[in-house]
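Notes follow once the structure below has been shown.
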Amino acid sequence: MHRTRSAAFSLLVAVCGVAAAQTEAPGEPVTIPGAEFSSWKVNEVRGRFGRPGTAAAKVPAVLILHGSAGVDGRGAFYASALQEAGFATLEIAMFQRGGRPRAGHGATMPHAAAALKWLSARPDVNAERLGLMGFSWGGVMSVLIASELVQEQLGKDVPRPAAFATFYPVCTNMARFLSNAQHPFFGAHKRMSATPMLIHIGSRDDYEEGAQPCDRFVAMWPEAARSRVTVRNVEGATHGFDSQSGDRRFFDEFARAGRGGMVTVYSSPKEAAEARQAVVRFFVEHLSR
């Protein structure tokens with residue numbers, strides 16, 4: 001599947017009308033006032049905000065959170081399609097490649113909090129129709145922010161997204177650390193909100209262990225939350241299968257269910273195109289109606 005690259009890329013172009021991949025999401029650069037979360041604080045957040053070409057006065061908006069590689073083109077890949085479908089998008093920069101915080105996901109929660117508040121305050125954005133999506137590190141954040149426990153920690157002034165789309169959020173590791181009483185987000189999975197969520201996970205994800213790890217993780221959630229989740233298990237796909245920067249291989253201490261190991265990323269244009277269509281349909285269904 002991953003080696004029929006030219007045919008797969010032709011299909012991607014035909015299905016989605018994609019031009020050359022771009023690193024940054026379409027839109028204008030913005031600087032957002034910072035925010036605090038627990039003991040963490042950020043003074044300002046930089047990102048790119050884009051609106052649909054022709055739109056009503058107030059439009060739904062989607063916040064995009066990057067993975068450990070930083071802003072790397074995946075956000076742009078989805079943002080362009082979302083804007084065409086009538087959504088505003090905001091992709092923020094939380095850190096550069098190699099700058100993943102050792103302190104964990106709490107260290108980047110102020111970035112998401114600041115971005116959500118900024119979006120909700122804009123006169124051209126419908127604050128009741130905010131979506132959130134993220135990749136890997138940002139995917140974990142997306143799952144956490146869907147928890148009522150984390151929403152309470154964020155505070156009442158941070159709006160609650162009405163729909164979540166998360167990509168390969170290292171479900172095996174999340175199930176483990178959220179069950180650890182010493183972890184700052186202990187028990188977040190037991191208080192997941194009944195908010196629509198779409199999860200994409202590849203069957204060859206080197207961070208995971210066992211078959212359908214995200215299905216097993218979601219099975220730990222309250223029934224009301226489970227009923228609002230759709231898990232798309234992408235057969236044969238790796239972690240980062242929608243990569244816009246090619247294949248790569250690297251060591252990560254969190255791979256192999258936290259035992260550490262090499263992670264292989266194969267970009268899969270056909271599966272990426274299908275995932276993008278699924279995400280657009282998901283947000284149209286839950287934010288545009």
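The values are calculated or read from the model by the stated rules, or taken from the named source; none is laboratory data. This is a predicted model, so every value here is computed, not measured. Cβ atoms come from the backbone with ideal geometry, glycine included; neighbour counts cover every protein chain shown.
Filtered by the rule that a residue be β-branched (Val, Ile, Thr) and part of a loop (DSSP other than H, G, I, E, B), region 138-178 gives 158, 170.
A quick yes/no check of all residues on (1) within 22 Å of residue 174 (Cβ to Cβ); (2) at pLDDT 95 or above; (3) loosely packed, with under 14 Cβ neighbours inside 10 Å; (4) among the aliphatic types (A, V, I, L, M):
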position	(1), (2), (3), (4)
224	yes, yes, yes, yes
232	yes, yes, no, no
236	no, yes, yes, no
239	yes, yes, no, no
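Candidates are the residues of region 81-101 that are small (Gly, Ala, Ser) and closer than 23 Å to residue 33 by Cα; the one that is modelled with the lowest pLDDT is 99. Just a yes or no: is a residue in region 93-112 in contact (Cβ under 8 Å) with a residue 24 or more places away in the chain, crowded, with 24+ Cβ neighbours inside 10 Å and either over 16 Å from the mean Cα position of the chain (by Cα) or more than 19 Å from residue 184 (Cβ to Cβ) (or both)? So far as region 93-112 goes, no, none of its residues is in contact (Cβ under 8 Å) with a residue 24 or more places away in the chain, crowded, with 24+ Cβ neighbours inside 10 Å and either over 16 Å from the mean Cα position of the chain (by Cα) or more than 19 Å from residue 184 (Cβ to Cβ) (or both). Would you check if residue 133 is modelled with pLDDT of 95 or more, part of a strand (DSSP E or B) and not acidic (Asp, Glu)? When the stated conditions are applied, residue 133 passes them. Criterion first (among the aliphatic types (A, V, I, L, M), in contact (Cβ under 8 Å) with a residue 60 or more places away in the chain, surrounded by fewer than 23 Cβ atoms within 10 Å (Cβ to Cβ) and over 20 Å from residue 104 (Cβ atoms)) does residue 162 satisfy it? It is true that residue 162 is among the aliphatic types (A, V, I, L, M), in contact (Cβ under 8 Å) with a residue 60 or more places away in the chain, surrounded by fewer than 23 Cβ atoms within 10 Å (Cβ to Cβ) and over 20 Å from residue 104 (Cβ atoms).
Of everything in region 40-80 that is in a loop (DSSP other than H, G, I, E, B) and in contact with a helix residue (DSSP H, G or I) (Cβ under 8 Å, 6 or more places away or on another chain), the residue that is modelled with the highest pLDDT is 66.
Take residue 17 and decide whether it is at negative phi and either over 20 Å from the mean Cα position of the chain (by Cα) or modelled with pLDDT of 95 or more (or both). Criteria not met by residue 17. Within region 2-12, is even one residue of a type in the set (A, V, I, L, M), at pLDDT below 65 and surrounded by fewer than 16 Cβ atoms within 10 Å (Cβ to Cβ)? Within region 2-12 (the criterion being of a type in the set (A, V, I, L, M), at pLDDT below 65 and surrounded by fewer than 16 Cβ atoms within 10 Å (Cβ to Cβ)), the answer is yes, since at least one residue qualifies.
Restricted to region 179-280, the set of helices (runs of 4 or more DSSP H) holding at least 2 residues that are more than 27 Å from residue 100 (Cα to Cα) and touching a residue at least 24 places away in the same chain (Cβ under 8 Å) comprises 223-226.
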